[in-house]
Amino acid sequence: MPSMNNAAERVRRELLIRVIRGELDGTLDQEIDRIPIVMRPSDQPASRCCIYKDRAVLKYRLMGILGFGVEDETDEAKPLREYLAEARLRREPPKEVLSVAPVACYGCIESHYVITNACRACFARPCTFSCPKQAITVGPKQAEIDHSKCIDCGKCTTVCPYKAIIRVPIPCEEACPTGAIRKDESGREWINFDTCISCGKCLKACPFSAVLERSQIIEVIRAMKEGRRVVAMVAPAIIGQFPATLEQLAEGLRKAGFSDMLEVASGAELTARNEAKEFFERMERGDHLMTSSCCPAYVEAVRKLIPEMRKFVSATPSPMGYSGRLAKERDPECVTVFIGPCVAKRKEACSDPNVDYVMTFEELGALFAAREINLGTLEGLKLEREADPYARGFGAGCGVTAAILHEMSAGEGQTPPKIDGKLINPLDRKNMRLLKLHALGKLPGNFLEVMACEGGCVGGPCALVDAEKGGAAVRKLAREE
Amino acid sequence: MGNGSKLKVEICLGTTCFILGASELQDLAQYLEPELLDRVDIIGRTCLGFCKDRKFDGAPFVRLDESIVIERATVARVTEKIKAMLKEKDAE
């Protein structure tokens with residue numbers, strides 16, 4: 001199914017283009033409070049109950065683009081231009097990366113199982129017999145579920161001859177692998193940051209576009225305007241995200257205001273090499289398991305929720321970590337911006353002094369659009385250095401394992417330990433449980449590549465193309481030598 | 001209608017159109033029924049130029065037979081328009 005036939009994504013990108021364009025032109029102060037009105041004029045039909053609600057939601061989305069969460073709102077009447085002024089002065093990027101806009105959250109219905117009007121109130125009533133909690137009673141017209149008794153087991157759905165009982169999910173809660181997003185008494189969703197791993201699955205799942213991402217784009221533009229050397233560290237998953245070659249992207253990034261493009265695949269080479277070494281050492285000393293550590297949502301999940309796994313997570317820095325180091329070694333004054341499909345990298349960057357800011361592919365696309373840079377027409381810049389093809393494969397599932405295997409086979413004279421690699425992908429509730437079992441040594445495999453997003457980074461919440469297509473492009477480039 | 005008069009379907013793959021939806025449209029051929037596919041020429045264009053002068057609101061753009069421009073194009077809308085235009089041609 002085409003994912004871009006989706007009004008939520010379009011609005012998100014359109015808002016980004018408007019904000020970036022305004023900030024580059026120096027006109028955003030005058031424009032920003034008008035954006036909701038321009039995008040939802042009174043003479044057009046509303047998407048929600050009325051245009052005023054549409055506009056209110058757009059205001060919160062704009063707050064997110066300025067880097068603020070709903071939690072930062074102390075005065076509802078505070079205009080966006082005041083937030084903008086604060087964003088321009090901010091020195092530290094926001095610590096939390098997601099937020100839920102109250103007016104946008106529709107408050108999906110609480111119960112998961114619903115009896116539809118297809119119910120005939122039949123004589124056999126298998127639903128009442130299958131229910132272990134006697135939660136179903138049959139009235140004169142149709143059956144009813146007593147939601148105070150229902151335990152969401154779903155047995156009734158399988159026995160109804162009319163298929164009249166359906167499961168209605170709460171999309172954000174369904175997508176969240178850790179149960180961090182939950183309703184309050186009023187029915188609106190809140191994120192519990194004690195268990196949130198910033199994977200961004202809720203952002204992608206919410207059909208009301210109520211989950212906001214807190215962007216750092218204002219800071220990136222500020223660094224460009226200050227004339228700093230801003231290095232674009234592009235994730236391996238970038239290939240296939242734009243209709244352009246890496247060379248065209250390098251030129252496009254230069255035109256967009258970056259000084260250089262650094263392939264994070266260069267950092268991935270170091271990750272693969274050192275992780276292979278680390279694996280060797282860990283197996284030597286008798287560990288039964290090591291896991292990858294490049295997916296920040298997974299690392300956060302272990303830190304917060306799977307303590308059994310902590311000692312098995314590789315201590316080798318991620319490709320982003322190494323890339324930041326490479327860039328700062330070359331020029332300590334430069335500003336490093338990681339650009340990827342990932343929400344959780346924002347969190348990882350918070351604790352990495354070598355990574356100043358994080359942008360998403362979506363934001364980069366909006367920057368290209370705002371600057372009217374058409375990648376396809378560019379001749380392209382010769383890359384200063386071509387990254388190793390294996391390292392370029394990190395962005396798609398199994399890419400990490402492949403790169404480590406490659407490094408191990410390249411080891412000098414040593415007999416590498418036998419690697420029994422497993423891919424844990426995506427990070428969902430089932431796989432969270434599997435990880436626990438792996439940590440306890442109850443499942444086979446001595447190396448786990450864990451990727452929170454379906455298909456690897458290419459399936460990230462801020463990717464521009466679907467995971468299958470993005471993954472194919474990454475794998476194609478990874479094979480080229 | 002002979003082979004020479006296939007319906008020309010130009011999809012703008014400029015960066016702006018791409019991020020606002022053309023990334024899906026480039027797979028239009030996969031979504032078209034075989035009978036329709038035989039009667040169209042799908043061409044990806046680097047940029048058709050409609051987004052110039054900051055008018056990105058209409059993106060992604062698709063142009064049919066060098067005359068009809070579809071704004072905010074989606075696979076469904078383009079398919080529908082293709083069907084309508086082919087029907088018109090057949091009636092001529």
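The values are calculated or read from the model by the stated rules, or taken from the named source; none is laboratory data. Computed from a prediction, not measured in an experiment: that's the story for all the values here. We place every Cβ from the backbone using ideal geometry, glycine too, and count neighbours over all the protein chains shown.
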Taking residue B:2, is it at pLDDT below 90 and on the phi > 0 side of the Ramachandran plot? no
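Can you spot a residue in region A:284-292 that is assigned by TED's automatic domain parsing to the domain that holds residue A:353, free of Cβ contacts under 8 Å to residues at least 24 places away in the same chain and not in a helix (DSSP H, G or I)?
Filtering region A:284-292 for residues assigned by TED's automatic domain parsing to the domain that holds residue A:353 gives A:284-292.
Going one step further and asking which of them are free of Cβ contacts under 8 Å to residues at least 24 places away in the same chain, we end up with A:285-286.
Cutting the leftovers down to not in a helix (DSSP H, G or I) gives us A:285-286.
Yes - at least one qualifying residue is present in region A:284-292.
In region B:31-48, what residues are within 10 Å of chain A (Cβ to nearest Cβ) and either under 12 Å from the mean Cα position of the chain (by Cα) or without any contact (Cβ under 8 Å) to a residue 24 or more places away in the chain (or both)?
Applying the first criterion (within 10 Å of chain A (Cβ to nearest Cβ)) to region B:31-48 yields B:31, B:44-47.
Result: B:44, B:45.
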Matching residues in region A:154-170 - criterion: being surrounded by 14 or more Cβ atoms within 10 Å (Cβ to Cβ) and either of a type in the set (Phe, Trp, Tyr) or out of contact with any Phe, Trp or Tyr (no Cβ under 9 Å at 6 or more places or on another chain) (or both): A:155, A:160, A:164, A:170
Going by what's in this entry, would residue A:98 be described as within 13 Å of residue A:214 (Cα to Cα) and among the hydrophobic types (A, V, I, L, M, F, W, C)? yes
Single unsatisfied condition, residue A:219 versus (1) in the same structural domain as residue A:364 (by TED's automatic domain parsing); (2) assigned to a helix (DSSP H, G or I): (1)
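Pick from region A:374-400 the residues that are facing chain B (nearest Cβ under 9 Å) and buried (at least 22 other Cβ atoms within 10 Å of the Cβ): which of them is farthest from residue A:231 (Cα to Cα)? Even if it seems obvious, please write down each step before you answer.
Step one: of region A:374-400, the residues facing chain B (nearest Cβ under 9 Å) are A:374-377.
Imposing the further condition that a residue be buried (at least 22 other Cβ atoms within 10 Å of the Cβ) reduces the set to A:374-375.
Values: A:374: 20, A:375: 18 Å.
In this case the residue turns out to be A:374.
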Of the criteria (1) in contact (Cβ under 8 Å) with a residue 12 or more places away in the chain; (2) in a loop (DSSP other than H, G, I, E, B); (3) within 24 Å of the chain's Cα centre (by Cα), which one residue A:109 fails: (3)
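With more than 16 Å from residue A:243 (Cβ to Cβ), surrounded by fewer than 13 Cβ atoms within 10 Å (Cβ to Cβ) and at pLDDT 90 or above as the only criterion, which of B:65, B:53, B:38 stands out? Break it down stepwise before answering.
Working: B:65 fails: surrounded by fewer than 13 Cβ atoms within 10 Å (Cβ to Cβ); B:53 fails: at pLDDT 90 or above.
Matching residue, one of B:65, B:53, B:38: B:38.
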Here are the criteria: (1) at negative phi; (2) of a type outside the set (Lys, Arg); (3) in contact with a Lys or Arg (Cβ under 8 Å, 6 or more places away or on another chain). Tell me which single one residue A:372 does not satisfy. (1)
Has region A:24-46 got at least one residue that is under 21 Å from the mean Cα position of the chain (by Cα), buried (at least 22 other Cβ atoms within 10 Å of the Cβ) and assigned to a loop (DSSP other than H, G, I, E, B)? no
Conditions (1) touching a Phe, Trp or Tyr at 6+ places or on another chain (Cβ under 8 Å); (2) touching a residue at least 40 places away in the same chain (Cβ under 8 Å) -> residue B:62 fails only (1)
When you go through (1) in contact with a Leu (Cβ under 9 Å, 6 or more places away or on another chain); (2) among the hydrophobic types (A, V, I, L, M, F, W, C); (3) exposed (fewer than 14 other Cβ atoms within 10 Å of the Cβ) one by one for residue B:91, which number turns out not to apply? (1)
